[in-house]
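Okay, structure first, notes after.
The values are calculated or read from the model by the stated rules, or taken from the named source; none is laboratory data. Computed from a predicted structure; not experimentally measured. Neighbour counts run over all protein chains shown; Cβ positions are idealised from the backbone, glycine included. All accessible areas refer to the heavy atoms of the entire protein, side chains included, with ligands and DNA or RNA removed. Shrake-Rupley method; radii C 1.70, N 1.55, O 1.52, S 1.80 Å.
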Amino acid sequence: MKRSLTVTASLITATLLIAGCAGNSGNLQAAGNAGHLKTLDGSAPLIVGHRGLPGLYPEEVIAGYRAAIAAGTDALELDLQSSSDGVLFACHNVFLSDTTDVANHPEFASRKKSRMVDGVATGPEWYFSDFTAAELKTLRVRQPIATRSKQYDGMYPLATFQEVIDLTKETIAANPQRRMFIYPETKNPIYQRQLGVPLEEKLLAMLIKEGWNTPDSPVFVQSFEPASLKMMRKMGLKTKVVQLIDGDGTNFKTGAMTYGSPDTAKPFSWLQANDPHTFAAMVTPAGLAEIKTYADGIGPWKLYILPPQGVDAAGNAVKTLDQASNMAPTTLVADAHKAGLFVHPYTFRDEAVRLTKTYNGDPKAEYKAYFDLGIDGVFTDFSTTGRVALTEWMKTNEAK
């Protein structure tokens, strides 16, 4: 996702506790008690480990994915970037400086440059696609969010997509009844194709090799770029497909979504075509019907579902999310379900600054508010919290 903070001792302790009990059975319990829920298929919502467990570990490293599995996640989410020699890696950005120690490698100093990425001027930066797989493996990953734990910085290499696939298969083999999915995203796919390192063909070939190109395979393929998803469908992709839906911010006076920068306002293919629409077009009934022609679900920024609003005593808009309160929910979940699409909103985080006043500083309350609305899964930086919230919510629903 495009869209953190201190990891407390209680979080670490909870992770260790759940590692011993939820990793093998926590998600099975939630799945087994479903059937009467408002989700699209009646199953318990999925806990999607967004970039692993980045509330504690650096993003998208194998250790973080293992920790997310131990914490009870149902899906390993990752962003795909390609090396210059065509190896797919897990990394959120097309550049390397925020999540790796590339700046400490003098042998790569000359690689720094500026580029246009999906209509946005970026750099000077070290760009992922300018490095071979072997060179990328010499880097070490670090936490990009200043207020989160740095205890694992410099310990782990970048993970390849194949390594995340192997971990997923290992987890499924260890407990075949457990819900476990892999959830790759084609990241800036038009930009990467223009550079000669396209993602789609490689992704599809790898899924076919694993025997995972089927509707019931443990795979969700996601992208903000509908052109990428449609291309893969034409190439023969048969897995579950998710259209991500972005936004730039919120007008806290009205609660309306805002669309500022080009990359968060619309897919790059729309920008190329001078299409005047923004991502807002995707959440209309007509937009959802169009998405249904090539996808199985949507991954909207969560504020499309529960918009925040807040004004001060003078009637001026508040400045930050934690000063705003939830408005009434939109009809997006119901509209998507009516169109036959599941809904996996992003991104759920524990930090108080990421929560509206409605939740009184309790991140579990946020999950439960969305579960009440019938969402089918959540992208979370804190799988531990998500799993505990879902377990509590399921017990409450059983008692009704």
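Some observations on this one:
- Filter result (among the hydrophobic types (A, V, I, L, M, F, W, C) and open to solvent by less than 40 Å² (accessible area, probe 1.4 Å)) within segment 305-320: 305, 306, 317, 318
- Residue in segment 334-344 that is buried (at least 21 other Cβ atoms within 10 Å of the Cβ) and within 26 Å of residue 67 (Cα to Cα) present: yes
- Selection of segment 283-304 for residues being assigned to a loop (DSSP other than H, G, I, E, B) and surrounded by 22 or more Cβ atoms within 10 Å (Cβ to Cβ) yields only 295.
- Counting only residues that are charged (D, E, K, R) and over 20 Å from residue 378 (Cβ atoms), segment 285-327 holds 4 of them.
- Qualifying residues in segment 201-219 (those that are within 14 Å of residue 172 (Cβ to Cβ) and among the small types (Gly, Ala, Ser)) - the one surrounded by the fewest Cβ atoms within 10 Å (Cβ to Cβ): 211
- Scan of segment 170-191 for residues that are among the charged types (D, E, K, R) and surrounded by fewer than 16 Cβ atoms within 10 Å (Cβ to Cβ), ordered by number: 170
- Of the residues 264, 250, the single one that is open to solvent by less than 50 Å² (accessible area, probe 1.4 Å) and either in a strand (DSSP E or B) or charged (D, E, K, R) (or both) is 250.
- When residues in segment 236-247 are screened for being among the basic types (Lys, Arg) and either within 20 Å of the chain's Cα centre (by Cα) or open to solvent by less than 20 Å² (accessible area, probe 1.4 Å) (or both), 1 of them pass.
- Within segment 73-92, residues that are open to solvent by less than 10 Å² (accessible area, probe 1.4 Å) reach partners that are at pLDDT below 95 and aliphatic (A, V, I, L, M) with beta carbons closer than 9 Å, at six or more positions or on different chains, in the pairs 74/30; 74/31; 77/1; 79/1.
- Any hit, segment 321-328, residues being in a loop (DSSP other than H, G, I, E, B) and buried (at least 21 other Cβ atoms within 10 Å of the Cβ): yes
- Test: residue in segment 215-228 that is part of a loop (DSSP other than H, G, I, E, B), farther than 30 Å from residue 116 by Cα and acidic (Asp, Glu): yes
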